[in-house]
Amino acid sequence: MRRRERRDEFTEPRWQDRLSVIGVVALAVGLVVRLLFNGAEAWPSALVGAALMSVWIVFLVRRRRRHDARDTGAEPDDVPAMERRILKGGPPPEDPRRRQALAALVDSRQRRLRRNRWWAFPLLALVFLGTSVAWFVSGSAVAGSLTLALAVAFLGWLTWFNLRFDRRLTQMRSRLQG
């Protein structure tokens with residue numbers, strides 16, 4: 001199937017970017033997870049807990065967009081489109097003001113991505129491996145093995161994702177400069 005080409009697919013707002021959609025999806029996922037763990041009889045507490053969680057998620061997403069917009073000089077509604085442009089490897093914008101805002105977002109994200117990498121990954125490895133060792137010491141080889149497998153899979157995925165995102169930020173920076 002061919003994709004329908006739009007004039008600039010990265011600047012148009014999408015329905016997934018709306019805070020209300022993010023809140024409803026968070027509410028639905030939270031409700032389903034809570035009902036699966038607590039049973040269908042606990043639906044009132046599951047609904048209240050999921051609603052509070054979705055409000056918290058919307059607050060965090062909104063705050064992050066506002067901070068990114070303040071750092072870049074763009075509007076908060078433009079931040080998801082700029083992120084999409086970075087992640088999809090889109091061409092840099094033609095407008096000099098938007099180019100400057102995208103460059104500021106790339107710099108900000110790369111700074112945040114690299115700032116805590118030196119201590120966060122070893123600490124996560126220590127927590128996961130320490131938990132696995134604790135399971136082994138307590139005599140539960142199955143739980144220790146599962147925790148170790150989870151640790152290796154999660155840390156591998158996290159490292160891959162971090163390096164991939166860093167590479168895409170670097171590629172966008174070179175496109176903006178070139």
Given a 1.4 Å probe, the accessible area of the chain per residue, as a whole number of Å², is 69 Å²
Over the chain, the sum of -39500 (n - 2.57) across DSSP H runs of at least four, divided by residue number and rounded to 500 deg cm²/dmol, gives at 222 nm -27000 deg cm²/dmol
Determine, at each q value in 0.19, 0.28, 0.29 (inverse angstroms), the log₁₀ of I(q)/I(0) that the Debye formula gives when each Cα of the range 102-164 is one equal point scatterer. -0.73, -1.09, -1.13
Compactness of the chain - radius of gyration and Dmax, Cα, Å: 20.7, 63
Helix runs (DSSP H) in the chain reaching 20 Å along axis by Cα, Kyte-Doolittle at least -1.0: 19-38, 43-72, 117-137, 141-177
On the accessible surface of the chain, probed at 1.4 Å, how many percent belong to carbon and sulfur atoms? 65 percent
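The values are calculated or read from the model by the stated rules, or taken from the named source; none is laboratory data. Here the structure is a predicted model, which is why all the values come from computation and not from measurement. Just the protein is used for accessible areas: all its heavy atoms, side chains included, with ligands, DNA and RNA removed. Shrake-Rupley method; radii C 1.70, N 1.55, O 1.52, S 1.80 Å.
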